[in-house]
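The values are calculated or read from the model by the stated rules, or taken from the named source; none is laboratory data. Not measured: the values here are computed from a predicted model. Glycine also receives a Cβ, built like all others from the backbone with ideal geometry; neighbour counts cover every protein chain displayed.
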Amino acid sequence: MQTLKNSMMTRTNEVSKKVQSALEHEVKRLKALLKISDYLGSTLDLDELLYRIMEVTREQLNADRCTVFLIDQERQELWSKVAMGVNQEIRFPMKKGIAGHVARTGEILNIRDAYADPRFNPEVDKKTGYRTRNLLTMPMHNKQNEIIGVFQVLNKKQGSFTEGDVELLKAIASIAATAVENASLYDELNRSFVSFMETLSTTLDARDYITSGHSRRVTLYAVQVARLMRLSKREIELIRYAALLHDIGKLGIPEIVLFKNKKLSDEEYNIIKRHAVLSKSILAKIRFQRHLKEIPQIAAAHHEKIDGTGYPQGLKGDEIPLGGKILAVCDVFDALTSRRQYKDRMDILEVMDILEKETGKSFEPFVVYHFKNITLNVLIEILEFGHKEDFKAEDLNLLRNYTLKDLLRIRKQGAKSDEEFRVAEIFMYYYQRKYRGE
Ligand SMILES: [Fe+2]
């Protein structure tokens, strides 16, 4: 009796130990899933998010590597969106390999010996120098239940992948698929927004043949200055769109005034000045994302001067948004360096003299300071935007090591070396060259 009781107790203990271990296992897995869903809200960067998901997967499945392949429908290929331990993109036809099979059929494949499976494509190993032993491959579905990619886990450290691993990867792949889908929707939305902004800007530039390409060039200068100021990605984006559309209000100015060749009367000048306010009211009608909300104010401020004598509001100093101060310098620089009909470009020294005289009055000194730090290769490519194919690569390479500030010193005080002499010569060649019809 006693023996039976003992044996039953031992058995009960064993069972409860098993249950406990199974429970602990489950809790660990649930924690992993919770960790992953936490990541979902923490970043908008899809690569970073997928990489974090892979880290948890690798740890939980005790595997060596993970890869997320996405389907390129147009080319009928799979490409590695994020692959652990591999620097180059892996790309292959969908009809190839285990991942291809899963992408086509939606089957889950748990392969214990990769090289024994005829569907396995050893070319990827050959390319990456990796040796795949076993692999677990899971399809990723979107909300319409279409396959959008494949989540693959390679080389279980001991033994092969279990049923438990399959179940966990199902849940993980489904989260990863949602992340991919959200990111591509966001991306699409963003791309259509960018093309809309660019089209608006091109429309404006196309109408104003005298200052053709002005908005584009001002945008390129403004982005350079913002980068040199080490502004954040979002601030640079804000300035880029405000620059693209800063003159959009000109669409509301009658052509007879806008394109008048002769001197403008005070009344006509006042009509032209209205474009700044018009830019603001046109842009205020667009629904911008929160971090782009300031676009109308920045665009409207491109004719404000820090001494308060600008328009439309006569704002002073820091009442003018930083983006507005940047636009003011880039706008004037572009106007002064533009080729006008029957007129050569104003000499760069003269242009900079005008800018410097206005520094502290019209322009914020630190914006002019950063503007002068633009490298000459970038500067000439913007000045000559639209004639890019005419540049010699070696010229651009040489100009890369010098800034506008260096050029002004060389031109004013003379070159200190043969290279400096060449730099000034090359820059001025592109700056002054003429095109057919000009
Ligand atoms: Fe303007």
Checking I286 against (1) part of a helix (DSSP H, G or I); (2) outside the structural domain of K28 (by TED's automatic domain parsing); (3) free of Cβ contacts under 8 Å to residues at least 60 places away in the same chain, which single condition isn't satisfied?
(1)
Could you say which residue among T3, T57 is surrounded by 15 or more Cβ atoms within 10 Å (Cβ to Cβ), among the polar types (S, T, N, Q) and assigned to a helix (DSSP H, G or I)?
T57
The helices (runs of 4 or more DSSP H) lying wholly within segment 312-384 that contain at least 2 residues that are closer than 27 Å to E420 by Cβ and within 16 Å of the ligand (Cβ to nearest atom) are 322-337
Against the definition (away from the ligand (no atom under 16 Å from the Cβ) and assigned to a loop (DSSP other than H, G, I, E, B)), how does Q224 come out, yes or no?
no
Residue satisfying condition, being in a helix (DSSP H, G or I) and crowded, with 21+ Cβ neighbours inside 10 Å, within set V68, V153, V102:
V102
Using beta carbons and a limit of 8 Å, which pairs, at least six apart or on different chains, have the first residue in segment 19-32 and outside the structural domain of Q60 (by TED's automatic domain parsing) and the second one surrounded by 12 or more Cβ atoms within 10 Å (Cβ to Cβ)?
none
Residue set Q313, Q289; condition modelled with pLDDT of 95 or more and surrounded by fewer than 20 Cβ atoms within 10 Å (Cβ to Cβ); output residue Q313
Per-region count, segment 292-304, residues in a loop (DSSP other than H, G, I, E, B), over 30 Å from Q432 (Cα atoms) and within 14 Å of the ligand (Cβ to nearest atom)
2
What pairs can you find where one residue is in segment 293-311 and over 18 Å from F366 (Cβ atoms) and aromatic (F, W, Y), the other is at pLDDT 95 or above and more than 10 Å from the ligand (Cβ to nearest atom), and their Cβ atoms are less than 9 Å apart, with a gap of 6+ or different chains?
Y311/V277; Y311/E304; Y311/K305
Only unsatisfied item for K95, checking (1) within 25 Å of K126 (Cα to Cα); (2) surrounded by 16 or more Cβ atoms within 10 Å (Cβ to Cβ), is (2)
Out of the residues in segment 244-256 that are within 14 Å of the ligand (Cβ to nearest atom) and either part of a loop (DSSP other than H, G, I, E, B) or not assigned by TED's automatic domain parsing to the domain that holds D334 (or both), which is surrounded by the fewest Cβ atoms within 10 Å (Cβ to Cβ)?
I253
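Here is a yes/no grid of residues against (1) closer than 29 Å to R400 by Cα; (2) more than 13 Å from the ligand (Cβ to nearest atom):
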position: F196; (1), (2): no, yes
position: L200; (1), (2): no, yes
position: R216; (1), (2): yes, yes
position: L228; (1), (2): yes, yes
position: I239; (1), (2): yes, yes
position: A242; (1), (2): yes, no
position: L258; (1), (2): no, no
position: Y269; (1), (2): no, no
position: S281; (1), (2): no, yes
